[in-house]
1. For the chain, give the magnitude of the charge dipole about the Cα centre (Cβ charges: +1 Lys/Arg, -1 Asp/Glu; no others), in debye to the nearest 20.
2. Go through K173/K221; K58/K191; K135/K203; K70/K155 and tell me which ones have a Cα-Cα distance over 22 Å in this structure.
3. Once you have the Cα-Cα distance between D152 and Q136, take 0.36 nm times their residue separation minus that, and quote the gain in nm to one decimal.
4. Could you check the simple spin-label distance between L35 and E50, using points 7 Å along Cα→Cβ, in nm with one decimal?
5. Determine the relative contact order of the chain: mean sequence separation of Cα pairs under 8 Å and six or more apart, normalised by residue count, in whole percent.
6. Roughly what angle does helix 2-24 make with the longest principal axis of the chain, taking Cα atoms, 0 to 90 degrees, to the nearest 10?
7. For T175, what charge total do you get from the other residues with a beta carbon under 14 Å from its beta carbon, if Lys and Arg give +1 and Asp and Glu give -1?
8. Stretched out fully, how many nm does the piece from D166 to T77 gain, at 0.36 nm a residue minus the Cα gap?
Amino acid sequence: MLRNKNILFLLSFSILLIFSQNIFAQDLVPIKIDLPKAMFVGTPTNMSIEKLEKPLGKPRPPFLAPKGTKNVALGKTVFSTDDMPIIGEIEFITDGDKDADEGYFVELGPFTQHITIDLEKEYNLYAILVWHYHKQARVYFDVIVQVADDKDFTKNVRTLFNNDLDNSSGQGKGTDWHYVETSEGKLIDAKGEKARYVRLYSKGNNSNDLNHYIEVAVYGK
Ligand SMILES: [Ca+2]
Ligand SMILES: [Ca+2]
C-alpha cells in the first residue's frame, strides 16, 4: 500500500515537472542588441559616488525573453520636459543610432528632466536599455524608469528602476545602484510588465548638470 502511494506520488510529481517545464520553457531566446563601438576601455577609479556599481569586467550575459521580442520603441514618438533641446533632437532617442559621437545625442536642460516614449499600444515589456552618453565614463543621477497606462503617468504607474537615493527627483527613494555609462547601455529588467508608456528620469551627471540621451530601446512583445 505504502509502495503504491510512493509510486503514485512519484508519477504525479513527474507529470507536474514535465508540465511546468513546458510552460516555463516557452521558447526563451537571447534578445538581439546591436551594440555601438566602445569609446573607452577600463574603469575610472577616481569617482567618489555613493553606491556605485562595480563594472562587470566582461560583456553582459545574454538576456532571455520570449521568442519574437523586439525593440518596440524604434521610431516611436518621444515627449520630453525639455522639448527645445539646444543640442540634438528628441527623435534621436528612438532612431536606432547608438553612436557616442557628436550628432547622435540630445542634450536636455539641467536638473531633473524626463522623457516619455509612447509605444502606441500595450506590449509585454521584458527589458529597457538606455544609453545616456558613452563617449567618456559618466554616471547619471536619479535614473528612474517607470511604465504606465497613460501618457501623464497617473494610471497604473510601476517603477522598474530607481537610483535616486535621496528622493531629490520626487518619485520616492530608490534602492538601485549608480552605474558607469558604457557602449553596452544599461539593461533594466521589465519583468514582462504590460504597458504602453515608458518614462525615464535623470538629474544631471557627475561631469555637469545636463541630461543626455543617445538611445532608449524597449524590448517587448
Ligand atoms: Ca539614437
Ligand atoms: Ca537624487
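1. In debye, rounded to 20, the chain gives about 1460.
2. Distance filter (> 22 Å) returns K173/K221; K58/K191; K70/K155.
3. Difference between extended and current length: 2.4 nm.
4. Result: 3.1 nm between the two label points.
5. 28
6. Result, in degrees: 30.
7. My count for the surroundings of T175 gives -4.
8. This chain segment gains 29.0 nm when fully extended.
Quick note: the coordinates plus some simple rules give every number you see, no bench work behind them. Please read these numbers as outputs of a predicted model, since none were measured by experiment. In this analysis, Cβ positions are derived from the backbone assuming ideal geometry, glycine residues included, and neighbour counts consider all displayed protein chains.
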